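A.B. asks: Once you've had a glance at the structure underneath, I'll fire off some questions.
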Amino acid sequence: MKKLHFEYSMEINYAEMVSTCSYTIKCIPQKNNRQIPDNLAIGICPPSNYCLGFDGLHNQQVYGRNDEPHDRFVYKISGDVTVGMALYDEPENDDISMVFKHPHGLNIPGSRIKEYYNSLGVDDISDTYRKALNVMYRFYEDFEYRPNTTDIYTTAEEAFAQGYGVCQDFAHIFIALMHLANIPARYVTGLITGEGASHAWVEVLCEGRWYGLDPTNNKPVFDEHIKLGVGRDANDCMINRGIMRGGGVHTPIIKVSVEEIGKDINDD
Amino acid sequence: MDRLKLLEHTDTVNELLARYGVKFGIYKNNTFHEQLFPFDAIPRVIEADEFDYLEKGLKQRVVALNLFLKDIYSKKQIVKDGVIPEDFIFASSGYMLECEGVTPVKDVYSHISGIDLVKGKDGTWYILEDNLRVPSGASYPMIARDLCRRSSPGTFADLKIEDNRNYAKLLRRTMDNVNVGGHSVILTPGRYNAAYFEHSYLAEQTGAHLVNGSELVVEDDKLYFITASGKKERVGVVYRRISDEYLDPMNFNPESLIGIPHIYDVFRKGNVALMNAPGNGVADDKGIYYFVPKMIKYYLGEDAILNNAPTYLPFYEEDYKYVLDNFDNLVLKDVAEAGGYGVVFGNKMTKQQKSDFLELLKNEPRRFIAQEVIDFQDLDIIDKGEQVPRKADLRAFVLMADEPLVWKSGLTRFSRNPDSFIVNSSQGGGFKDTWVLSR
């Protein structure tokens, strides 16, 4: 177990005034078998009355609207999360899980991914989790991490065809491979120690438990990851979503920090 | 006889309809055309007994479809029990993940259902299609009846016909049933929408405000209507005539300019009713149509009163074979299309088209359904002064208020082309009034 402190902030400086904006932020870690959040703080500037709610996948969201003209929008979410209490998440109510058996959006496999899956020859591995791990180890060898080579619209098949991409691409391709192996799989957004950006990985369903696998780092998710949201693909759980009137040219600046602030005494 | 007198007034009624702006807008090659929706004065007449039977069957069907929607967006028991394969739910474009776990006010999903039927030559009625998203068309027979009564009052004095001008009352009752407190509004995408006439007409008839997206705003998990003087007043129910995708750019298509940011979040919290509920498309998918009789059995323990047209799902091996063997006798429909698009007749394809289609079918069997071509009854219309038979269907309207209500009328659409079975108004068809006799 580890206790992690995280801070996630986004800042947008607009070239022109914004007369009205609406935002939805999915950046709140929830309690589950693997993690316990604490000391959560939400700050939004200019201040607006935000609401809290859950989306269709039970991801928690912060949303609101700002009608005062502004040329800068900043929000910051911070908190502490104890992680690494289990290797899995075991939801009480999992009526939704069958959704994650079906290819969707950015993770729909094309002929190259299908061909690749068949070449792995993992169909005889009977244990689901071992099969998933096996595919991850092999896939890690065959796909390269290269920043700024894909964008948020890149499909699994496109990324796979070029042979390199970022964590989002690792996750989408891995989900496609899991579907081909008949293993329900879902996209996870979150934060990880030692990185200045948000991260993405995958959860696979094995006997009613969702196990986290991080194909970008070739390892199971344990005590370095803070989970924020899940989806069929990246679009279902985008951390930031917003629309505005006005604004002109602008680029959001996102800052992420995750630091270890203490080990649990039960840990050796 | 006075019925004939009515026919003499056909031109007058059509002129009045044009003057009232009863038009149908369509986009073709990226330009907007408004065309008149031609009215034919010979009504479809349905006897009281026959309509009683339809009414029972329609209520049963819509009740089951509502239970199905509730199930799909919560427990999914019908899928777990193997009655409907998962593929038909989760690969359907009408299934919306955002709607998972959301319970609409009083569990009503489809407040207004437009159920399309045809009557076979042997007198049997068949369901052709369920429309549970934003079915349109009720206003046309309403206003046509009104104009006919004015131009030929005697006709309606002699015959015992159910008055169909009560549709506005039924609609109002449906809105009031789910109103959580506040104004009732009808949300229109604007005057360039195909059914804009209907939006304004229904608003006028029900006393609801006709609004566009920019007149509604979300604040603190509630929905407000901005009045002409700039005041914000709470909205309790929205009869929205905008499709799911465009309703809320923060929850659905982010590019929508006609929607209201966060309106779905307000709905999710039960602070406003949306008619119809988003996500209904999963139940009126042509693939799901096949399963409706099974749904009725599953949820209600009853046999379906109204028949589906005999339908085959190439998804099932046995049906796939049947489709190959009987290709020329079947009509094939793309499950993702609507409005008469994506419909092809096996016997009207060229050799090349057929082999291309079979290839597509082989690769994507779930995408199509095949149906026996029902030889449905013709109805007479007046074409250039002559009485000629044409194919026609009936869109019946079922409203889910505190109880299911079937409107004792309906939109009868006909094909103006003697060789066509496709009656959709977007394909140039016309319409008739539907008279339900009261005895």
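A.B. asks: Residue under question is B:Ser113, and the condition is that it be in a loop (DSSP other than H, G, I, E, B), buried (at least 21 other Cβ atoms within 10 Å of the Cβ) and polar (S, T, N, Q); does it hold?
C.D. replies: Values: in a loop (DSSP other than H, G, I, E, B): no; buried (at least 21 other Cβ atoms within 10 Å of the Cβ): yes; polar (S, T, N, Q): yes.
It is false that B:Ser113 is in a loop (DSSP other than H, G, I, E, B), buried (at least 21 other Cβ atoms within 10 Å of the Cβ) and polar (S, T, N, Q).
A.B. asks: Please go through the range A:227-248 and pick out each residue that is basic (Lys, Arg), within 12 Å of the chain's Cα centre (by Cα) and in a strand (DSSP E or B). Explain how you work it out, then say what you get.
C.D. replies: Filtering the range A:227-248 for residues basic (Lys, Arg) gives A:227, A:232, A:241, A:245.
Next, from what is left, pick out any that are within 12 Å of the chain's Cα centre (by Cα): A:227, A:232.
Selection gives A:Lys227 alone.
A.B. asks: Do any residues in the range B:234-256 that are within 14 Å of another protein chain (Cβ to nearest Cβ) and more than 19 Å from B:Val180 (Cα to Cα) have Cβ atoms under 6 Å from those of residues that are among the hydrophobic types (A, V, I, L, M, F, W, C) and part of a strand (DSSP E or B), where the two are at least six apart or on different chains, and which pairs are they?
C.D. replies: Every condition considered, the pairs that remain are B:Pro249/A:Ile243.
A.B. asks: Say we look at the range A:198-226 and pick out the residues that are hydroxyl-bearing (Ser, Thr, Tyr) and assigned to a loop (DSSP other than H, G, I, E, B); which of these is nearest to A:Ile239 (Cα to Cα)?
C.D. replies: Taking the range A:198-226 first, the residues hydroxyl-bearing (Ser, Thr, Tyr) are A:198, A:211, A:216.
If we keep only those that are assigned to a loop (DSSP other than H, G, I, E, B) too, we end up with A:198, A:216.
Numbers: A:Ser198: 9, A:Thr216: 19 Å.
Filtering first and then ranking leaves A:Ser198.
A.B. asks: I would also like to ask the following. It is to be established whether one or more residues within the range B:146-168 are within 28 Å of B:Ser256 (Cβ to Cβ) and basic (Lys, Arg). Can you show your working first?
C.D. replies: Restricting attention to the range B:146-168, the residues satisfying the condition of being within 28 Å of B:Ser256 (Cβ to Cβ) are none.
No, that holds for no residue.
A.B. asks: From the list B:Pro314, B:Pro261, exactly one residue is touching a residue at least 12 places away in the same chain (Cβ under 8 Å), over 20 Å from B:Ile115 (Cα atoms) and away from every other protein chain (no Cβ under 14 Å). Which is it?
C.D. replies: Details: B:Pro261 fails: away from every other protein chain (no Cβ under 14 Å).
Exactly one of B:Pro314, B:Pro261 is touching a residue at least 12 places away in the same chain (Cβ under 8 Å), over 20 Å from B:Ile115 (Cα atoms) and away from every other protein chain (no Cβ under 14 Å), namely B:Pro314.
A.B. asks: Would you mention how many residues in the range B:346-382 are of a type in the set (Asp, Glu) and within 24 Å of B:Arg413 (Cα to Cα)? Talk me through it step by step, then tell me what you get.
C.D. replies: As a first pass, look at the range B:346-382 and keep what is of a type in the set (Asp, Glu): B:356, B:359, B:364, B:372, B:375, B:378, B:380.
Cutting the leftovers down to within 24 Å of B:Arg413 (Cα to Cα) gives us B:372, B:375, B:378, B:380.
Selection size over the range B:346-382: 4.
A.B. asks: For the range A:90-105, does any single residue satisfy the condition of being touching a residue at least 40 places away in the same chain (Cβ under 8 Å), among the aromatic types (Phe, Trp, Tyr) and out of contact with any Pro (no Cβ under 9 Å at 6 or more places or on another chain)?
C.D. replies: no
A.B. asks: Quickly run through the range B:398-417 and pick out the residues that are under 14 Å from B:Arg145 (Cβ atoms) and of a type in the set (A, V, I, L, M, F, W, C). Steps first, answer last, please.
C.D. replies: Restricting attention to the range B:398-417, the residues satisfying the condition of being under 14 Å from B:Arg145 (Cβ atoms) are B:407-412.
Correct list: B:Trp407, B:Leu411.
A.B. asks: Name the residue that is surrounded by the most Cβ atoms within 10 Å (Cβ to Cβ), counting only residues in the range B:32-88 that are small (Gly, Ala, Ser) and more than 20 Å from the chain's Cα centre (by Cα). Can you show your working first?
C.D. replies: The initial filter retains those residues of the range B:32-88 that are small (Gly, Ala, Ser), namely B:41, B:48, B:57, B:64, B:74, B:82.
Then keep just the ones that are more than 20 Å from the chain's Cα centre (by Cα); that gives B:41, B:48, B:74, B:82.
Details: B:Ala41: 25, B:Ala48: 13, B:Ser74: 15, B:Gly82: 8.
Only one residue tops the list, namely B:Ala41.
A.B. asks: Of all residues being basic (Lys, Arg) and surrounded by fewer than 24 Cβ atoms within 10 Å (Cβ to Cβ) in the range A:184-221, which is nearest to A:Gly84 (Cα to Cα)? Just the residue, please.
C.D. replies: Applying the first criterion (basic (Lys, Arg)) to the range A:184-221 yields A:186, A:209, A:219.
Remaining after also requiring surrounded by fewer than 24 Cβ atoms within 10 Å (Cβ to Cβ): A:209, A:219.
Details: A:Arg209: 15, A:Lys219: 14 Å.
My answer is A:Lys219.
A.B. asks: Given the criteria of a type in the set (A, V, I, L, M, F, W, C), crowded, with 20+ Cβ neighbours inside 10 Å and under 22 Å from the mean Cα position of the chain (by Cα), does B:Phe267 qualify? Can you show your working first?
C.D. replies: Working: of a type in the set (A, V, I, L, M, F, W, C): yes; crowded, with 20+ Cβ neighbours inside 10 Å: yes; under 22 Å from the mean Cα position of the chain (by Cα): no.
Answer is no for this residue.
A.B. asks: From A:Ile12, A:Ile28, which residue is β-branched (Val, Ile, Thr), within 20 Å of A:His70 (Cβ to Cβ) and in contact with a strand residue (DSSP E or B) (Cβ under 8 Å, 6 or more places away or on another chain)? Before the answer, list the steps.
C.D. replies: Working: A:Ile28 fails: within 20 Å of A:His70 (Cβ to Cβ).
A:Ile12 is the lone residue from the list that is β-branched (Val, Ile, Thr), within 20 Å of A:His70 (Cβ to Cβ) and in contact with a strand residue (DSSP E or B) (Cβ under 8 Å, 6 or more places away or on another chain).
A.B. asks: Okay, moving on. Is there a residue being part of a loop (DSSP other than H, G, I, E, B), in contact with a strand residue (DSSP E or B) (Cβ under 7 Å, 6 or more places away or on another chain), among the small types (Gly, Ala, Ser) and in the same structural domain as A:Asp142 (by TED's automatic domain parsing) anywhere in the range A:186-197?
C.D. replies: Yes, the range A:186-197 has at least one match.
A.B. asks: All but one of (1) away from chain B (no Cβ under 14 Å); (2) at pLDDT 95 or above; (3) in contact with a Gly (Cβ under 9 Å, 6 or more places away or on another chain) hold for A:Asp233, so report the exception by its number.
C.D. replies: (1)
A.B. asks: Say whether the condition of being under 20 Å from B:Val105 (Cα atoms), in contact with a Pro (Cβ under 7 Å, 6 or more places away or on another chain) and buried (at least 22 other Cβ atoms within 10 Å of the Cβ) is met by at least one residue in the range B:247-255.
C.D. replies: Here is the first cut: in the range B:247-255, the ones under 20 Å from B:Val105 (Cα atoms) are B:247-248, B:251.
Next, only the ones that are in contact with a Pro (Cβ under 7 Å, 6 or more places away or on another chain) stay: B:247-248.
Filter once more, so that each one left must be buried (at least 22 other Cβ atoms within 10 Å of the Cβ): B:247-248.
Checked against the condition, which is being under 20 Å from B:Val105 (Cα atoms), in contact with a Pro (Cβ under 7 Å, 6 or more places away or on another chain) and buried (at least 22 other Cβ atoms within 10 Å of the Cβ), the range B:247-255 yields at least one hit.
A.B. asks: While we're here: Across the range A:22-68, which residue is modelled with the lowest pLDDT among those that are more than 9 Å from chain B (Cβ to nearest Cβ), part of a strand (DSSP E or B) and buried (at least 21 other Cβ atoms within 10 Å of the Cβ)? Talk me through it step by step, then tell me what you get.
C.D. replies: The initial filter retains those residues of the range A:22-68 that are more than 9 Å from chain B (Cβ to nearest Cβ), namely A:25-48, A:50, A:52, A:59-60, A:62, A:66, A:68.
Now narrow it down to the ones that are part of a strand (DSSP E or B): A:25, A:35-45, A:52, A:60, A:62, A:66.
Those left that are additionally buried (at least 21 other Cβ atoms within 10 Å of the Cβ): A:25, A:35, A:66.
Details: A:Ile25: 97, A:Gln35: 96, A:Asn66: 92.
Among those that are more than 9 Å from chain B (Cβ to nearest Cβ), part of a strand (DSSP E or B) and buried (at least 21 other Cβ atoms within 10 Å of the Cβ), it is A:Asn66.
A.B. asks: Just to be sure I understand the filter: pairs with C-beta atoms under 6 Å, separated by 6 or more residues or on different chains, first member in the range B:93-116 and at the interface with chain A (Cβ under 8 Å from one of its Cβ atoms) and in contact (Cβ under 8 Å) with a residue 12 or more places away in the chain, second member part of a loop (DSSP other than H, G, I, E, B) and buried (at least 22 other Cβ atoms within 10 Å of the Cβ). Which pairs pass?
C.D. replies: If the second residue must be part of a loop (DSSP other than H, G, I, E, B) and buried (at least 22 other Cβ atoms within 10 Å of the Cβ), the pairs left are B:Met96/B:Gly279; B:Glu98/B:Asn251; B:Cys99/B:Tyr73; B:Cys99/B:Pro278; B:Cys99/B:Gly279; B:Glu100/B:Tyr73.
A.B. asks: Then there is this: So in the range A:87-116, with the set limited to residues that are surrounded by 17 or more Cβ atoms within 10 Å (Cβ to Cβ), more than 11 Å from every other protein chain (Cβ to nearest Cβ) and more than 17 Å from the chain's Cα centre (by Cα), which one is nearest to A:Leu57 (Cα to Cα)?
C.D. replies: A:Pro109
A.B. asks: Is it fair to say A:Asp124 is in contact (Cβ under 8 Å) with a residue 12 or more places away in the chain and either surrounded by fewer than 18 Cβ atoms within 10 Å (Cβ to Cβ) or away from chain B (no Cβ under 14 Å) (or both)?
C.D. replies: On the way: in contact (Cβ under 8 Å) with a residue 12 or more places away in the chain: no; either surrounded by fewer than 18 Cβ atoms within 10 Å (Cβ to Cβ) or away from chain B (no Cβ under 14 Å) (or both): yes.
So A:Asp124 fails the test.
A.B. asks: Need the failing condition index for B:Phe357 against (1) in a helix (DSSP H, G or I); (2) closer than 30 Å to B:Leu159 by Cβ; (3) among the aromatic types (Phe, Trp, Tyr), just the number.
C.D. replies: (2)
The values are calculated or read from the model by the stated rules, or taken from the named source; none is laboratory data. Keep in mind the model is a prediction, meaning the values are calculated, not measured. Here Cβ is always computed from backbone atoms with ideal geometry, including for glycine, and neighbour counts include all displayed protein chains.
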